[in-house]
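The values are calculated or read from the model by the stated rules, or taken from the named source; none is laboratory data. These numbers come from a predicted model, not from an experiment. In this analysis, Cβ positions are derived from the backbone assuming ideal geometry, glycine residues included, and neighbour counts consider all displayed protein chains. When the accessible area is computed, the model is the full protein with side chains, heavy atoms only, and any ligands, DNA or RNA have been set aside. Shrake-Rupley method; radii C 1.70, N 1.55, O 1.52, S 1.80 Å.
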Amino acid sequence: MDIARHLALIDLLCTRGFPAEHGRTEHGASGPGYHIAELQTSGDFWEDGGAQREETETQYEADRDGLGARLTERWGPPQRISLYSVLERTTLGEDPEDPEDPEDPEDPEEPWAGLSGQVPDLHLWRAPGADRWVALGVSRWNRELPFQLLAVVTDLDPP
């Protein structure tokens, strides 16, 4: 893992404007109020039988913690938040009166809604001067798919 390169990218995203539409970027995904950078991605586990998966998960969590230690030096200790309740609201929280209503106040906003389906918890800092949140998490799509170390920069308050 290249901590210096990851820190430089987080710094860049703290100053970069947000796009008006959701879409892919050279670093991951962005949309109104957020950037998500895919800092590193493991191989998949289709042929693995699970042997490498645990080791890879441990390494990705260690990489998140190592990068997080550098952010903690800058901004103090992170908040640790679970996205389980966001996932629950996203999957089960439809308004029975109008499940298609995009303005439902209970619907979690992006990037939180999308992240909740793949990242169980985040380490979260408030970047002073940038008026943005910075979060680190490890994506765990499912048992066969790769892990990803993600950095999120957003001006949208966490759930």
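When residues in the stretch 126-137 are screened for being under 19 Å from I3 (Cβ atoms) and surrounded by fewer than 21 Cβ atoms within 10 Å (Cβ to Cβ), 1 of them pass.
Looking only at residues that are of a type in the set (S, T, N, Q) and under 15 Å from the mean Cα position of the chain (by Cα) in the stretch 26-55, which one is surrounded by the most Cβ atoms within 10 Å (Cβ to Cβ)? Looking at the filtered set, the residue picked out is S30.
When each of R143, R132, R80 is tested for being modelled with pLDDT of 90 or more and more than 13 Å from the chain's Cα centre (by Cα), the lone residue that passes is R132.
Just need a number here: residues in the stretch 1-52 that are charged (D, E, K, R) and assigned to a strand (DSSP E or B). Matching residues across the stretch 1-52 total 2. Inside the stretch 64-79, residues that are open to solvent by 60 Å² or more (accessible area, probe 1.4 Å) and under 23 Å from T41 (Cβ atoms) make up a count of 2. Checking each residue in the stretch 5-16 for being open to solvent by 50 Å² or more (accessible area, probe 1.4 Å) and either under 15 Å from R132 (Cα atoms) or in contact with a Phe, Trp or Tyr (Cβ under 7 Å, 6 or more places away or on another chain) (or both) picks out D11, L12, T15, R16. Just to be sure, is L156 under 25 Å from S42 (Cα atoms), open to solvent by 30 Å² or more (accessible area, probe 1.4 Å), of a type outside the set (G, A, S) and not in a strand (DSSP E or B)? When the stated conditions are applied, L156 does not pass them.
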